[in-house]
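The values are calculated or read from the model by the stated rules, or taken from the named source; none is laboratory data. The model shown is predicted, which means the values in this text are computed figures rather than measured ones. Positions of Cβ are backbone-derived with ideal geometry, glycine not excepted, and every protein chain shown enters the neighbour counts. For accessibility, only protein heavy atoms count, side chains too; no ligands or nucleic acids. Shrake-Rupley method; radii C 1.70, N 1.55, O 1.52, S 1.80 Å.
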Amino acid sequence: VPNLQGPRYISPAPNGGFVVSEECGDVKVFTSSRKLLCSLSSKYGHWFGNPAGVCVDVEGSILVADEQRRTVHLFPEHGPPICLVSTGLRKPIGVACSSFGHLFVADAGENCVKVFKYRVRPP
């Protein structure tokens, strides 16, 4: 995949595609045939400081750690972005999510992994 602006982190997406964060301050979504599907900045009108870790949850939402803004945002397929974590992070660089609704954030500023619950499934 050419023409990326400082690719940083990458995550597979459920549809066979993938998501890439770029140093220039954007996150791009590609199809399984490696064609650009969208830019999260353009699609959502969202400004990133320095997007780092990315992952995709079981519902197809994209989660992005923003190292500069010290936040983690969720970008659903439909609807506006949701800020999941806005305090308590010093340098979030990696994210992963479980099928049980747990969000794992690698915080390089505190040399630890922080765990959050962001979705509660009905019993």
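Overview of results
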read-out: Given (1) at pLDDT below 95; (2) of a type outside the set (A, V, I, L, M); (3) surrounded by 14 or more Cβ atoms within 10 Å (Cβ to Cβ); (4) more than 15 Å from VAL19 (Cα to Cα), number of the condition PRO76 does not satisfy; value: (4)
read-out: Leading residue by the ranking (farthest from PHE75 (Cα to Cα)) among those in the range 39-54 that are open to solvent by 20 Å² or more (accessible area, probe 1.4 Å) and in contact with a helix residue (DSSP H, G or I) (Cβ under 8 Å, 6 or more places away or on another chain); value: TRP47
read-out: Residue count for the range 79-98, restricted to those that are assigned to a strand (DSSP E or B) and open to solvent by 40 Å² or more (accessible area, probe 1.4 Å); value: 5
read-out: Looking only at the range 57-68, and only at residues there that are surrounded by fewer than 14 Cβ atoms within 10 Å (Cβ to Cβ) and out of contact with any Cys (no Cβ under 9 Å at 6 or more places or on another chain), the one that is modelled with the highest pLDDT; value: GLN68
read-out: Residue within the range 41-56 that is among the hydrophobic types (A, V, I, L, M, F, W, C), touching a Phe, Trp or Tyr at 6+ places or on another chain (Cβ under 7 Å) and at pLDDT below 95 present; value: no
read-out: Hits in the range 24-38 - residues which are touching a Pro at 6+ places or on another chain (Cβ under 7 Å) and among the β-branched types (Val, Ile, Thr); value: VAL27
read-out: Any hit, the range 99-116, residues being in contact with a Gly (Cβ under 7 Å, 6 or more places away or on another chain) and open to solvent by 40 Å² or more (accessible area, probe 1.4 Å); value: no
read-out: Search result, residues across the range 1-33 that are farther than 28 Å from ARG70 by Cβ and among the aliphatic types (A, V, I, L, M); value: VAL1
read-out: Top-ranked residue of the range 6-38 - restricted to ones that are open to solvent by 100 Å² or more (accessible area, probe 1.4 Å) and in a loop (DSSP other than H, G, I, E, B), ranked as nearest to PRO80 (Cα to Cα); value: ASN15
read-out: Any hit, the range 70-89, residues being farther than 22 Å from ARG119 by Cα and of a type outside the set (Phe, Trp, Tyr); value: no
